[in-house]
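Enquirer: For reference, the structure I am asking about is given below.
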Amino acid sequence: MISKAAKSSSPGSPSPGSLLDELQSTLAHGTVARRVETLRRVTDLFINGAVDYSDEQVGLFDDVFQCLIDHIETSAKMLLANRLAPVDTAPPLTIRALAFDDVIEVAGPVLSQSMRLDDKTLIENARSKSQAHLMAISTRKTLSGAVTDVLVQRGNDEVIQSTVKNPGAEFTERGFTRLVSRAEGDDNLTTCIGLRPSVPRHLYLKLLAKASDTVRQRLEAANPQQAAQVPTAVKEATRRARSATATITKDTAIAHALVKSLYEDGRLDESEVASFAKAGKFDEANASIAALANVPVAIAENMMIETRAEGVMILAKVAGLSWSTVRTIIRMRDELSGGEPADLAACQDTYERLRPSTAQQVLRFHRMQQNAPTAPAPGI
């Protein structure tokens, strides 16, 4: 079978048949050095004709490689891993065996490069192997959200930084939620996450709120004499960042446009809000509440991401929403934030006692806060 593929090898190359005969003799009687030499020759033969081999022929090479790597030194496996990692048609079982090797110098090249490793295998590896293995996976050219979920869950700080800095990495909303929690107190990670173009807007705002506290502490430590002005400066910087169009992702803009269209056509009602919230669509739910409460989206966003649920209830009361819809919105908020769930019984009691006139007054206060000019702090 495999001899048909030998046409791609050089004229001086041994035939596959003679190599297989030699393999049997090497495994039975050969020294380590002879086994390594046999591995080198088999690898040369495979790489020289890898493009033309059928699946059956690749499978035969797979059997040969696995027989050899069980009887060779680590240094030889390292060389094999480096040579096979860039080959898209490399024997799959051999690649898997190398990827799960405990020695990172063997596993690393394959985990970081080989296209033979699918998501299922990468996830299995990331769930069971060392931080060094996770680091190698984090550098792959592309990473799916399913894989980064595991890297974010299990990875140490170095793995997290590497994954977030990888432009080919995708993140699920669950992954972004964990990242935002991990970023608290880490300005470098906060910056890296904030620069990701796909971070959901509500998580971006939450990230920004956490970052402002960190920046304030650092500024106070660096400039004790200006500590009084720091909170104002940070608040102003945060306000500007939140209102900047650069922080609006394409998905958020599409969501806002959809809600605007529904509102203008008279089709935006409480059932739409509840549907958005039930589906976990923060941008759509937020924009809908803002439209029904007749407030700018930015004000609604700031109230929706507050730690406590009062902001949500104020908006909902002004919008005339029922408690069942408010409950769905609060649950959505809790699930997306990954924080402690709100006490729904207490929230219901508060919501039912909250008067529309009181909610309107509080909302006017939020409007004034949003629109009030902030004087620049001297020296900042």
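Enquirer: Which of the residues that make up region 146-169 are crowded, with 17+ Cβ neighbours inside 10 Å and in a helix (DSSP H, G or I)?
Expert: V147, T148, D149, V150, L151, V152, V159, I160, Q161, S162, T163, V164
Enquirer: Might you let me know whether region 249-261 holds any residue that is touching a Leu at 6+ places or on another chain (Cβ under 9 Å), modelled with pLDDT under 75 and surrounded by 17 or more Cβ atoms within 10 Å (Cβ to Cβ)?
Expert: Looking for residues that are touching a Leu at 6+ places or on another chain (Cβ under 9 Å), modelled with pLDDT under 75 and surrounded by 17 or more Cβ atoms within 10 Å (Cβ to Cβ), one finds none in region 249-261, hence no.
Enquirer: Quick check, is E352 open to solvent by 20 Å² or more (accessible area, probe 1.4 Å), of a type in the set (D, E) and either closer than 23 Å to L207 by Cα or part of a loop (DSSP other than H, G, I, E, B) (or both)?
Expert: Criteria not met by E352.
Enquirer: Do we find that A132 is touching a Pro at 6+ places or on another chain (Cβ under 9 Å), open to solvent by 10 Å² or more (accessible area, probe 1.4 Å) and in a helix (DSSP H, G or I) in this structure?
Expert: No; evaluated as a whole, the condition is false for this residue.
Enquirer: What tally of residues in region 319-331 results from selecting those that are among the hydrophobic types (A, V, I, L, M, F, W, C) and over 14 Å from N286 (Cα atoms)? Walk me through how you get there before you give the answer.
Expert: Keep residues of region 319-331 that are among the hydrophobic types (A, V, I, L, M, F, W, C), which gives 319, 321, 323, 326, 329-330.
Pick out the ones that are also over 14 Å from N286 (Cα atoms) and you get 323.
Of the residues in region 319-331, 1 are among the hydrophobic types (A, V, I, L, M, F, W, C) and over 14 Å from N286 (Cα atoms).
For (1) buried (at least 17 other Cβ atoms within 10 Å of the Cβ); (2) under 29 Å from T139 (Cβ atoms); (3) modelled with pLDDT of 85 or more, each residue gets a yes or a no:
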residue	(1), (2), (3)
L39	yes, yes, no
T43	yes, yes, yes
T74	no, yes, yes
L80	yes, yes, yes
I95	yes, yes, yes
V103	no, yes, yes
A107	yes, yes, yes
M115	no, yes, yes
L122	yes, yes, yes
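Enquirer: What about T172, is it surrounded by fewer than 18 Cβ atoms within 10 Å (Cβ to Cβ) and either modelled with pLDDT of 95 or more or touching a Phe, Trp or Tyr at 6+ places or on another chain (Cβ under 9 Å) (or both)? Can you show your working first?
Expert: Details: surrounded by fewer than 18 Cβ atoms within 10 Å (Cβ to Cβ): yes; either modelled with pLDDT of 95 or more or touching a Phe, Trp or Tyr at 6+ places or on another chain (Cβ under 9 Å) (or both): no.
Here the answer is no, as T172 does not meet what is asked.
Enquirer: Which condition number in (1) of a type in the set (G, A, S); (2) part of a helix (DSSP H, G or I); (3) closer than 18 Å to A253 by Cα is the one that G280 fails?
Expert: (2)
Enquirer: Have a look at V51, V87, V58 and point out the one that is within 20 Å of Q113 (Cβ to Cβ) and at pLDDT below 85.
Expert: V51
Enquirer: Restricting the search to region 304-333, which residues are part of a helix (DSSP H, G or I) and under 27 Å from the mean Cα position of the chain (by Cα)? Give the steps one after another, and end with the answer.
Expert: Residues of region 304-333 that are part of a helix (DSSP H, G or I), as a first pass: 304, 310-319, 323-333.
Passing the criteria: M304, T328, I329, I330, R331, M332, R333.
Enquirer: Go through region 310-345 and give me each residue that's among the small types (G, A, S), open to solvent by less than 20 Å² (accessible area, probe 1.4 Å) and closer than 18 Å to R201 by Cα.
Expert: The answer is G311, and nothing else.
The values are calculated or read from the model by the stated rules, or taken from the named source; none is laboratory data. This is a predicted model, so every value here is computed, not measured. Neighbour counts run over all protein chains shown; Cβ positions are idealised from the backbone, glycine included. Remember, those area values only see protein heavy atoms, side chains included, never the ligands or the DNA or RNA. Shrake-Rupley method; radii C 1.70, N 1.55, O 1.52, S 1.80 Å.
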